[in-house]
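Enquirer: One structure is given below, represented as structure tokens, and several questions about it will come after.
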Amino acid sequence: MPTSTSKYQYITCDPTKCVGCQLCEYICSYVKTGEFNTYRSRIRTVRAEEILITAVACRTCEDAPCVIACPRDALSQDPNTGIIHVDANRCDGCAWCVEACDFGAISINPETKTAEICDMCEDLEDGPQCVKWCPKEALELTTPDRRAQRSRRKLAVEEVLGR
Amino acid sequence: MPKVVVEFYGTARQVTGQKEVTIELKEGGTFRDVVRALAARYPKLVGDVIQPGGEELQMPNMFNVNARRVVHDLDTQPQDGDRILLMFVTAGG
Amino acid sequence: MYGYSGKILHVDLTTRKTWVESKPEEWYKIYIGGVSMASRLCWENIEVGCDPLSPGNPICIANGMFAGTPVPVGGKYGLASKSPLTGFIGDSLSSSWFTIALKRAGWDGIVIHGASDDWVYVFIDDDRVEFRDASQLLGLGTFQTEETIREELGDDQVRSATIGPAGEKLVRVASVTNDSRQAGRTGHGAVWGSKKLKALSVRGTHGVSVADPDALLQLSYDITQAAQGPHTQKYRILGTMANVLNLNRLGILPTRNYQQGVFEYAELISGEYLHEHYHVKTIACAQCPIACEQMSQVKDGPYAGAMTGIDYEPLYAVGSNCGVKDLRAAIKTIDICDRGGMDAMSTGVTISWAMETFERGIFTKEDFKCAKYPEGFEPNFGNAEAVVTLAEMIRDREGIGDLLAEGSKRASAQVDAERGTETWKWAMHIKGLETPGYDARGLKTFALGLAVGTRGACHNRTAAYDPDIKGEVDRFSVDETRGKLAKSTEEYAAVYDTLPLCKFIRRCFTGKADRAGAWPAIAKLINATTGWDFDYDAVDLIGERAFTIKKAFNIREGWTREDDHLPWRWMHEPMKEGPSAGYVVSEEELEYMKDLYYEAKGWTKDGLIPKEKLIALGMDDVAEEIGV
């Protein structure tokens, strides 16, 4: 599985906690469109093989491939947050960015024909609404470094303490 | 002194890791004293099974005496030798 | 209108025509959704008196107002047809994406008429309907059918309700499956099979709007948070499987075809044991923040690899009720039912009837010949491989499976007619639907609730075990309160089944599950969704109306007071052991309680509905047809 190379924060899902309820998609679509429509969510749940469940949103890659792929320079990355901004005037919905994204985290709005990408609800005081709503605390705002720290710690506990 | 056995089912069993426990009550001891004794002995029961404060059962847990009757008033007294089932019942599925 | 589109889609499989029916807002205010609206659509569209497996029996699907919104556990739909098991209303519920897709496609409900000459599946792509060849799907299991259709249509977001091989072969205990959830009971799979309808697939891309989204979000958020606390603890950790040890201890765990109420190996088939040894993942239905489905997998032995969600009801049926103490075999049997598209409850209880019939010497080894065991086998209680094999034989209608596929009522009648026996005395069903996982000899209020149930022996349509188990009444005796309790608990359940909301959320509104605790909160949800002005009383009426339309359906199909019965065993054989030892539900007790119940409902002594009663409920056209 491809991994993010980012120093930036992004929303990640712990598949051992995720139960596939899709509340993240409901709340995201409402915040972004004013309607409940999981098709318009910028975070997407995935179910496979009956028991594999997780959710995926933009990983804020450094040197983001979607930005590089865009032939119209409609996409730009905020140097402070890593968030990908879409210039609706330039974007024509060609979907090169969709193809470039290893995470499948970009979709094209069928009506406006523009790319839609998670912005971590940067304009809201209490942050990403999907993280706030997730009933199982499976979603969190994190960085690859923090994830790595936790993995090391978990491994150490398992190896040394055997639990 | 009256002795009762509390049988654990569902959450109570998971939390305590026990199937049952014998509790000795003072003369005149009540079902509420049983709740208090459980809370003292198994602090982890407080929350999902016993309400914070350790005086009341958390809904929908209940005491059933000898599989025959449900305890509605915790201030009543169990009989010596009673088996008190700490359980909840859920339908569906 | 908010919460509804106002449109019902009609699809005729005989003529391959479709049309749209508009319903006025007043109609929605009476029938709401779920089982009530589905039953009403069945009332409106059936050929009265038809054979349930004939083209005149419609398939009726009804969404709820909450589908596609963040209202927790609101992603459910009702499915109704005349049941091939009972000949009365067959109303089922199922959860998850299918109904949400249908809502987003712009439909409040679907009615499927007629029957196709060739196997088809119907693809509803927003407002476009396509009849597609299903020959390549024949023989596929339910989950595999869903996946295959997704691949064929090239979209992960297509959601399907399907039948498995059992439905194709008109097995009367066959179910309809979507998103690995089942509209399990009353034999819908056979109805679909009779129409050569393999699946109903939906893609819905529109958004769902509600009257007051900010209010609805706040309400939903609070309920979602409450659903993580002690109110749902029992569902989240062990799921409904926690019941095994509880009910066993109360002496009401159905064991060996209800010959006993205590199973000596209950620990081995308990939720606790399952959790420790076989649990692999807890999953949720779409739109549910509780997550109760305990996905369980067999890792060793002859059934290694079997995996499905395990709930209490299927488990008692194929476990203790067949004397099976090996959870691996039980998981395998339920897996066969889920993939084959069969109701594991009715399947298990029909198998247990066959096992007892064998143990009593009426069936012999010869009767159990099959491809796997050409010499036959001996299905004694506890023979786990026999249960697994019989489930497969029912699914395929192989050998004696062809008889058992008819359900316990018809199978016993056929055997008794051919052999002059009385096997019907241990056929555990009410109105033809097999009994659930509670022995009613130790639960007298529940016995009444089951007997008068409109779809037969169902624990979901009545919550009458509640006062018994919670000790609000003495569960071993009968008194004058039981009629009102049966009315009150069935209508309580019907409110949830009609909105529909999953009942597992019932304590999360205020901490109290009773009407006072739940109805005001539910009224707020309804009003924020639809812009209506519902109050406590209006919510309460939802349940009475739902039960009334189902009862009216049954009356029109020929129901009489004698149909509200209990299995012979519960009425004549005292429980042998355990805390419920010595008890039966006597004829006298049952008839007394039925009198009380009809009176509480405002019906006649014969159980018929007075015209004024129907008119007061806003069901004037029903009054014209069946009111007395």
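Enquirer: State which residue is nearest to C:Arg236 (Cα to Cα) when the search covers only segment C:287-314 and only residues that are polar (S, T, N, Q) and open to solvent by less than 10 Å² (accessible area, probe 1.4 Å).
Expert: In this case the residue turns out to be C:Gln294.
Enquirer: Now, a different point. Looking at C:Ile549, C:Ile542, can you tell me which residue is under 27 Å from C:Pro289 (Cβ atoms) and assigned to a helix (DSSP H, G or I)?
Expert: C:Ile542
Enquirer: Could I ask something else about it? Can you report the number of residues in segment C:190-210 which are more than 27 Å from the chain's Cα centre (by Cα) and either more than 13 Å from chain A (Cβ to nearest Cβ) or surrounded by 24 or more Cβ atoms within 10 Å (Cβ to Cβ) (or both)?
Expert: 2
Enquirer: Sticking with this structure for a sec: Does at least one position in segment C:460-470 carry a residue that is touching a residue at least 60 places away in the same chain (Cβ under 8 Å) and surrounded by fewer than 24 Cβ atoms within 10 Å (Cβ to Cβ)?
Expert: yes
Enquirer: Is at least one residue of segment B:6-17 aliphatic (A, V, I, L, M) and farther than 25 Å from C:Phe476 by Cα?
Expert: Yes; the residues of segment B:6-17 include at least one that is aliphatic (A, V, I, L, M) and farther than 25 Å from C:Phe476 by Cα.
Enquirer: Can you pull out every residue in segment A:107-132 that is within 14 Å of A:Tyr10 (Cα to Cα), assigned to a loop (DSSP other than H, G, I, E, B) and among the aliphatic types (A, V, I, L, M)?
Expert: Within segment A:107-132, A:Ile117, A:Met120 qualify.
Enquirer: Of the conditions (1) among the charged types (D, E, K, R); (2) in contact (Cβ under 8 Å) with a residue 24 or more places away in the chain; (3) at the interface with another protein chain (Cβ under 9 Å from one of its Cβ atoms), C:Lys234 satisfies every one except a single condition; which number is it?
Expert: For C:Lys234, the exception is condition (2).
Enquirer: How many residues are loosely packed, with under 15 Cβ neighbours inside 10 Å and assigned to a helix (DSSP H, G or I) when one looks only at segment C:557-573?
Expert: 3
Enquirer: Which is among the basic types (Lys, Arg) and either out of contact with any strand residue (DSSP E or B) (no Cβ under 7 Å at 6 or more places or on another chain) or farther than 30 Å from A:Glu25 by Cα (or both), of C:Lys299, C:Lys281?
Expert: Only one candidate passes the filter, namely C:Lys299.
Enquirer: From C:Ala199, C:Ala211, grab the single residue that is touching a Ser or Thr at 6+ places or on another chain (Cβ under 8 Å), assigned to a strand (DSSP E or B), not aromatic (Phe, Trp, Tyr) and not assigned by TED's automatic domain parsing to the domain that holds C:Cys292.
Expert: C:Ala199
Enquirer: Of these, C:Gly483, C:Gly531, C:Gly517, which one is out of contact with any helix residue (DSSP H, G or I) (no Cβ under 9 Å at 6 or more places or on another chain) and more than 27 Å from C:Ala284 (Cβ to Cβ)?
Expert: C:Gly531
Enquirer: For the structure I just gave you, tell me whether C:Gly511 is in contact (Cβ under 8 Å) with a residue 60 or more places away in the chain, open to solvent by 10 Å² or more (accessible area, probe 1.4 Å) and over 27 Å from C:Ile351 (Cβ atoms).
Expert: Yes, satisfied.
Enquirer: Another question, if that's okay. Return the pairs, sorted by first residue and then second, in which the second residue is in a strand (DSSP E or B) and of a type in the set (D, E, K, R), the first residue lies in segment C:80-101 and is under 12 Å from C:His188 (Cβ atoms) and open to solvent by 10 Å² or more (accessible area, probe 1.4 Å), the beta carbons are less than 6 Å apart, and the residues are 6+ apart or on different chains.
Expert: Qualifying pairs under 6 Å: C:Leu93/C:Lys76.
Enquirer: With respect to C:Asn246, determine if the residue is free of Cβ contacts under 8 Å to residues at least 12 places away in the same chain, more than 14 Å from chain A (Cβ to nearest Cβ) and under 25 Å from the mean Cα position of the chain (by Cα).
Expert: The answer is yes for C:Asn246.
Enquirer: Filter segment C:574-597 for residues that are assigned to a loop (DSSP other than H, G, I, E, B), open to solvent by 50 Å² or more (accessible area, probe 1.4 Å) and without any contact (Cβ under 8 Å) to a residue 60 or more places away in the chain and give the result.
Expert: C:Gly582
Enquirer: Sticking with this one: Hey, could you check segment C:152-167 for residues that are at pLDDT 95 or above and of a type in the set (D, E, K, R) and say which is surrounded by the most Cβ atoms within 10 Å (Cβ to Cβ)?
Expert: Ranking the qualifying residues of segment C:152-167, first place goes to C:Arg159.
Enquirer: Report, by residue number, each residue of segment C:264-283 that is open to solvent by less than 10 Å² (accessible area, probe 1.4 Å) and without any contact (Cβ under 8 Å) to a residue 60 or more places away in the chain.
Expert: C:Ala266, C:Ser270, C:Gly271, C:Leu274, C:Ile283
Enquirer: Only one of these is outside any strand (DSSP E or B) and either buried (at least 24 other Cβ atoms within 10 Å of the Cβ) or among the acidic types (Asp, Glu) (or both): C:Glu21, C:Glu44. Name it.
Expert: After applying the criteria, what remains is C:Glu44.
Enquirer: Show me the strands (runs of 3 or more DSSP E) entirely contained within segment B:8-93 in which 1 or more residues are within 14 Å of another protein chain (Cβ to nearest Cβ), on the phi < 0 side of the Ramachandran plot and polar (S, T, N, Q).
Expert: In segment B:8-93, the matching strands (runs of 3 or more DSSP E) lie at B:62-65.
Enquirer: Provide a single number: the residues in segment C:220-230 that are open to solvent by 10 Å² or more (accessible area, probe 1.4 Å), in a helix (DSSP H, G or I) and either touching a strand residue (DSSP E or B) at 6+ places or on another chain (Cβ under 9 Å) or within 13 Å of chain A (Cβ to nearest Cβ) (or both).
Expert: 5
Quick grid of which residues meet (1) assigned to a strand (DSSP E or B); (2) touching a Leu at 6+ places or on another chain (Cβ under 7 Å):
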residue	(1), (2)
C:Gly74	no, yes
C:Ile112	yes, yes
C:Phe143	no, no
C:Thr177	yes, no
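Enquirer: If you don't mind, another one. If the Cβ limit is 6 Å and pairs must be 6+ apart or interchain, which residue in segment C:132-150 that is within 14 Å of chain A (Cβ to nearest Cβ) and of a type in the set (Asp, Glu) pairs with which residue that is open to solvent by less than 50 Å² (accessible area, probe 1.4 Å) and in a strand (DSSP E or B)?
Expert: That search, which allows pairs on different chains as well, returns C:Glu146/C:Ser160; C:Glu146/C:Thr162.
Enquirer: Do any strands (runs of 3 or more DSSP E) entirely within segment A:1-80 hold 3 or more residues that are open to solvent by 20 Å² or more (accessible area, probe 1.4 Å) and within 11 Å of chain C (Cβ to nearest Cβ), and if so, which?
Expert: It comes to A:44-48.
The values are calculated or read from the model by the stated rules, or taken from the named source; none is laboratory data. The structure presented is a predicted model; accordingly, all values stated were derived computationally and were not measured. Quick reminder, even Gly has a Cβ in these numbers, built from the backbone with ideal geometry, and neighbours come from all protein chains shown. Side chains included, ligands, DNA and RNA excluded: accessible areas come from the protein's heavy atoms. Shrake-Rupley method; radii C 1.70, N 1.55, O 1.52, S 1.80 Å.
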